[in-house]
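Encoded as structure tokens, the structure appears first; notes follow it.
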Amino acid sequence: MPSPTPPSGTTDGARSDVGRWGGNPWQPPTTPSPEPEPEPDRRSRRDGRSFWARCCGCCSCRNTDDDWGPRGDRGAGSRDRGSGSGSRRPDSRGSDSRRPGSRGSGVNAAGDGTIREGMLVVKGVDLLSSRSDQNRREHHTDEFEYDELIIRRGQPFYMVLLLSRPYESSDYVALELLIGNNPEVGKGTHIIIPVGKGGSGGWKAQVTKSSGQNLNLRVHTSPNAIIGKFQFTVRTRSEAGEFQLPFNPRNEIYILFNPWCPEDIVYVDHEDWRQEYVLNESGRIYYGTEAQIGERTWNYGQFDHGVLDACLYILDRRGMPYAGRGDPVSVSRVISAMVNSLDDNGVLIGNWSGDYSRGTNPSAWVGSVEILLSYLRTGYSVPYGQCWVFAGVTTTVLRCLGLATRTVTNFNSAHDTDTSLTMDIYFDENMKPLEHLNHDSVWNFHVWNDCWMKRPDLPSGFNGWQVVDATPQETSSGIFCCGPCSVESIKNGLVYMKYDTPFIFAEVNSDKVYWQRQNDGSFKIVYVEEKAIGTLIVTKAIGSHMREDVTHIYKHPEGSEAERKAVETAAAHGSKPNVYATRDSAEDVAVQVEAQDAVMGQDLTVCVVLTNRGGSRRTVKLHLYLSVTFYTGVTGSVFKESKKEVVLEPGASERVTMPVAYKEYQPHLVDQGAMLLNVSGHVKENGQVLAKQHTFRLRTPDLSLTLLGAAVVGQECEVQIVFKNPLPVTLTNVVFRLEGSGLQRPKILNVGDIGGNETVTLRQTFVPVRPGPRQLIASLDSPQLSQVHGVIQVDVAPAAGGGVFSDARGNSRSGETIPMASRGEA
């Protein structure tokens, strides 16, 4: 069975497919900056329908919007997309007479720069933008490692204008915010706020104090404002003439969504939710199987320096209209498309092949920061990602922009390829799988995102959690994106609700249908597993490191009347609406697989329990087939099998075991050490067909992290990492990764080889830059072993001088070769 999305191929340059920008593919700078500074803005042209026309029907009418993109009759250099994230060149606005000049002196009405006596000149602006100032604290943006003003829409902020003379009541003062290439008042990309005269759409500015040449202002922003990075200027008019403050990059203002504002459609009415889903910089991501749940800590790092610019750059790179950037439905849909690289040269290249030699093994990432800064710095898609990496990066981006977002894992997640809304598995007359027909697959787990918002584009009752899935599985309106989809519509099988409800419903609540080929060539349903899909849906609990079961918000209780109604209602809208009419089977023998705690490098035993629930003796011919499997349900060839005939008396049970030695499974291991046990059988007396699939994983060791000394802002601290190789073979080309927001920028450590069953210890120093409880996360990767992680909480004290933040932004060294501090045999 092919993998859900093929590897993208190249990693030493841009993707081989030109993606969305077919006519004139975007090219990154030839010499990337070594620091994560915002990229200069560029825009390429393409022919054909835009993303918006294909992805969102309600937006297709916007193709006359000047924010939409270059036209065929414009020169390639006639527009510079310098709004959202990029640094701006002084001449990038040359043809726009509405913008002030860059830096330099102010301008008067005549535009000759003459300052006349009596004019009200703005000599300076204090946006009160430092992290310790009132604005940043009240807007919950004080953790951002930025010096610019960052505010949330729908909430007032304060500023001070330094004037050339005292402010008089007859003076006219207006604040202006501009975003995009051709700002227009009607589109919300050019905002004019007259001081003291009220405004429109929620914008207004009031004088709170006028003292000498200082004018203190309270500015109210619209709860529907566009999000992004705005230029800021001030215009004045008096009897002596008009003045306009020149543009200064230091006065740029970032505006974000505001889950603290009741008028914002992303509003969340629970402070503990906001603390967890907006402000928490780390979290847990769950993987494995329902019976063997693994967990790893992920560094979201949404407040790290450069990450906000990377998030806005993603919107720029897609060419999203600025006028549409105030709509969280549209923004989240664009993010779901852009976090994967298909169609659009987005952030991450998906790879499920097992060969990661030209990039990073998805299991080796410990956070989003390194990925996003690399994309911002180079413009190239980053190799490689799988579902939890796509979801982790999506959480970072949406939290950074102000959307309450969480990372969700669905165990036994179905991938429906034919819109039947059932998982169909086909067998021949002898119950041997017909792999050429088995296009549907069941992933051991799949990770996506929930984000919280109102849905004004849907009927009432569908506000709240919305699924967004950036993993490229199937296209939506011709684009590899998924969502936002109301969780309420999924729960009730309302698959006609946008966006992508049928696909997500099938992931969590479809049935696994076993079809057997008959002698005449037709197929008959021989077994239906009604509790095999979406068996457990979890996320990190609020305010703790515990796991929270959220299955109940996605589906009614399994087997309940409401759950069966939801499934059959959804299936009626699928490609096989009459599938449940063909069921015909007797079931008095039950089969169950016992979960085993299997450890990587050790022998294991699989066990199947048969139970006769009938009143007569039953004879079962049982077949066990064991193969390795990728977590996406793609399996390798069978490497061990067992056949046995079992006689069961009425009410009796019998255990059937199959031992498996390490040397038997070791040559076949693939990513994450998962295995698939296929159980099939036939009851002689009544013709009952037994069918069961059970996936389990081999547990890997954890890294042990120990803090050596107290952690204080601005002072060097040391951590010790200990690892024991569980395998009797040498691990080659071992790479450690270390990362933690407020502690350590992403760091790569090359440690060489680690012998079989060997224990190694290494020490690393870091300098905390922000106080409070922090998570320091590490991972280990080698060709022989992956999915090895560790984490430690670091409680950072403020600097002795009372400073809260350090000017340092964490040391970051890539590819450093680290000698082992000590080695020891097990």
Quiz item: Which FRET efficiency value, to the nearest 0.05, do you get for residue 708 and residue 535 by plugging their Cβ-Cβ distance into 1/(1 + (r/R0)^6) with R0 = 41 Å?
Solution: 0.45
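Could you work out how much longer the chain between residue 560 and residue 434 gets when fully extended? Use 0.36 nm per residue separation minus the Cα distance between them, nm to one decimal. Each step should come with its number before you reach the end.
On the way: separation 126, 0.36 × 126 = 45.36 nm, distance 3.24 nm.
My answer for the length gained is 42.1 nm.
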Practice problem: Could you run the Debye sum over the Cα atoms of the stretch 589-699, one equal point scatterer each and no solvent, and tell me log10 of I(q)/I(0) at q = 0.13, 0.15, 0.18, 0.23 Å⁻¹, two decimals? | Solution: -0.50, -0.64, -0.85, -1.20
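Averaging sequence separations of C-alpha pairs under 8 Å and six or more residues apart, then dividing by the length of the stretch 271-572, give the relative contact order as a whole percent.
Details: 663 pairs, mean separation 56.7, N = 302.
The normalised contact order for the stretch 271-572 reaches 19 percent.
Leaving out ligands, DNA and RNA, what percent of the accessible area of the stretch 704-796 is carbon and sulfur, probe 1.4 Å? Numbers along the way, then the final one.
Numbers: 1300 of 2810 Å².
Roughly 46 percent, rounded to a whole number.
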Quiz prompt | Label point distance in nm, residue 729-residue 248, each placed 7 Å from Cα along Cα→Cβ | solution = 6.3 nm
Quiz item: Just how far, in whole angstrom, is the stretch 529-555 from the stretch 175-219 if you go by their alpha carbon centroids?
Solution: 46 Å
Practice problem: Send over a whole-number figure in Å² for the accessible area per residue of the stretch 122-256, probe 1.4 Å. | Solution: 37 Å²
Quiz item: Leaving out same-chain residues fewer than 8 places away, which lysines sit with a Cα under 26 Å from that of residue 187?
Solution: 197, 204, 229, 454, 498
Exercise. Rounded to the nearest 0.05, what FRET efficiency do residue 496 and residue 117 give with R0 = 60 Å and r taken as the Cβ-Cβ distance? Could you check?
Key: 0.30
Self-check item: Mean accessible surface per residue for the stretch 704-796, computed with a 1.4 Å probe while every protein chain stays in place, in Å²
Solution: 30 Å²
Exercise. Give me the percent of Cα-Cα pairs in the stretch 122-256 that sit more than 22 Å apart, rounded to a whole number.
Key: 33 percent
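So what is the relative contact order of the stretch 704-796, in percent, for Cα pairs below 8 Å that sit 6 or more residues apart? Working shown, then result.
On the way: 235 pairs, mean separation 31.5, N = 93.
After rounding, I find 34 percent.
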Practice problem: Find how many whole Å separate the alpha carbon centroid of the stretch 585-660 from the alpha carbon centroid of the stretch 306-353. | Solution: 45 Å
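Quote the FRET efficiency, to the nearest 0.05, computed for residue 553 versus residue 457 with a Förster distance R0 of 30 Å and r equal to the Cβ-Cβ distance.
Numbers: r = 21 Å, r/R0 = 0.69.
Working from the Cβ atoms, E equals 0.90.
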Quiz prompt | Taking the stretch 589-699 and dividing mean pair separation by its residue count, relative contact order in percent (alpha carbons under 8 Å, at least six apart) | solution = 34 percent
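Share of the stretch 271-572's accessible area from carbon and sulfur, percent, 1.4 Å?
Working: 3910 of 7840 Å².
Percent of accessible area from carbon and sulfur atoms in the stretch 271-572: 50.
Could you work out what % of the accessible surface of the stretch 589-699 is carbon and sulfur, using a 1.4 angstrom probe and leaving DNA, RNA and ligands out of the count? All intermediate terms of the calculation are to be shown ahead of the outcome.
Details: 2090 of 4770 Å².
Here carbon and sulfur together make up 44 percent of the probe-accessible area.
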Self-check item: Accessible area expressed per residue, the stretch 271-572, with surrounding protein chains retained (probe 1.4 Å, Å²)
Solution: 26 Å²
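The values are calculated or read from the model by the stated rules, or taken from the named source; none is laboratory data. Small disclaimer: the values here were computed from a predicted structure and weren't measured. We place every Cβ from the backbone using ideal geometry, glycine too, and count neighbours over all the protein chains shown. The area values use the complete protein model at the heavy-atom level, side chains included, leaving out ligands, DNA and RNA. Shrake-Rupley method; radii C 1.70, N 1.55, O 1.52, S 1.80 Å.
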